[in-house]
Amino acid sequence: MNKYWQGFAQSIIFTHIFLFSTASTAEKRIVMSNTRTDLPTQIETTNIKNQGYIWQLEITPNQNSRQVHVKLMNPNSKIDILNTRALEIAKKINLENLPLVTDDFKNKSLNLDEEQIALTKYYYGKYILFIKFPETVLYAVKPNFSQLQSELEPFCLQKNEAQLEAPENISIHAHFSVDFNGNIQSIRYSPTINSKMRPILEPLLKKIRFYPRNENGKPKSFSIEQPIIIQCQ
């Protein structure tokens with residue numbers, strides 16, 4: 001939150017101390033008009049060409065209905081499928097997913113009145129969500145190749161212990177089956193890996209996450225191959 005809105009939020013809170021100190025202890029929610037914050041950009045890969053277009057959506061909370069209203073600010077005139085998909089993604093966000101104005105007060109020393117006010121849920125008036133649909137499969141959490149190298153180097157000696165020439169590199173192809181959320185469900189290796197290598201390699205690979213993917217605007221599980229080369233010196 002920028003300094004302007006932080007100061008504005010503080011002024012709102014302090015001017016309501018008396019009101020909320022005497023109110024009931026039921027959970028209170030306030031939507032602060034004329035305020036805005038940007039949500040983290042969401043990414044979902046696709047097979048639809050879109051030239052890096054970025055969809056912008058406005059999410060407006062309602063303190064009474066405890067629902068949110070979603071509006072697509074810049075629909076793409078040529079790609080209605082992704083307009084629809086962007087709205088579907090944004091509509092999965094509910095009131096509880098939205099960051100609060102009062103999050104900024106959590107790590108500050110407050111007096112008793114301020115602590116009572118901090119229990120109120122202050123929402124921004126509007127939240128802006130940007131969505132991108134890259135045209136290729138992407139890692140959300142990338143593999144740590146340096147750790148793979150260090151953990152699997154001992155297998156170089158086992159593979160080449162009877163050879164006098166320079167050891168060959170270890171080359172593995174990991175075939176990932178990935179679910180709708182970008183999580184790896186299963187891994188198949190070619191060639192088949194050493195039975196002692198699996199309990200070392202698999203936990204490292206399972207930390208990988210992909211961005212979700214859609215094909216023609218529909219969420220889809222997918223498969224992808226990752227070559228792994230361990231350099232043996």
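Worth pointing out:
- For segment 213-232, a residue qualifies if it is open to solvent by 90 Å² or more (accessible area, probe 1.4 Å), more than 19 Å from residue 149 (Cβ to Cβ) and out of contact with any Phe, Trp or Tyr (no Cβ under 8 Å at 6 or more places or on another chain), and the qualifying residues are 216, 218.
- If the condition is being of a type in the set (D, E, K, R) and on the phi < 0 side of the Ramachandran plot, then segment 55-75 contributes 58, 71.
- The set of residues in segment 195-223 that are without any contact (Cβ under 8 Å) to a residue 40 or more places away in the chain, part of a loop (DSSP other than H, G, I, E, B) and in contact with a strand residue (DSSP E or B) (Cβ under 9 Å, 6 or more places away or on another chain) contains only 206.
- When segment 119-156 is filtered for residues that are within 26 Å of residue 71 (Cα to Cα) and not in a loop (DSSP other than H, G, I, E, B), the ones remaining, listed by number, are 121, 122, 123, 124, 125, 126, 127, 128, 129, 130, 131, 132.
- Residue count for segment 39-54, restricted to those that are touching a residue at least 60 places away in the same chain (Cβ under 8 Å) and either touching a Cys at 6+ places or on another chain (Cβ under 9 Å) or at positive phi (or both): 1
- Of all residues in segment 135-148, those being in contact (Cβ under 8 Å) with a residue 24 or more places away in the chain, over 24 Å from residue 45 (Cβ atoms) and either open to solvent by less than 40 Å² (accessible area, probe 1.4 Å) or of a type in the set (Ser, Thr, Tyr) (or both) number 0.
- The criterion of at least 3 residues that are more than 30 Å from residue 213 (Cβ to Cβ), modelled with pLDDT under 80 and not small (Gly, Ala, Ser) is met by none of the strands (runs of 3 or more DSSP E) falling completely within segment 1-95.
- The residues listed here are 102, 60, 37; of these, the one that is in contact with a His (Cβ under 7 Å, 6 or more places away or on another chain), surrounded by 15 or more Cβ atoms within 10 Å (Cβ to Cβ) and not acidic (Asp, Glu) is 60.
- Residue check for residue 169: open to solvent by 40 Å² or more (accessible area, probe 1.4 Å) and at pLDDT 90 or above: no
- For segment 180-212, a residue qualifies if it is within 19 Å of the chain's Cα centre (by Cα) and open to solvent by 30 Å² or more (accessible area, probe 1.4 Å), and the qualifying residues are 180, 181, 183, 185, 206, 207, 209, 211, 212.
The values are calculated or read from the model by the stated rules, or taken from the named source; none is laboratory data. As the structure is a prediction and not an experimental result, all values here were calculated from the model. Don't worry about glycine lacking a Cβ; one is built from the backbone with ideal geometry, like all the others, and counts go over all protein chains shown. Only protein heavy atoms, including side chains, enter the accessible area calculation; ligands, DNA and RNA are left aside. Shrake-Rupley method; radii C 1.70, N 1.55, O 1.52, S 1.80 Å.
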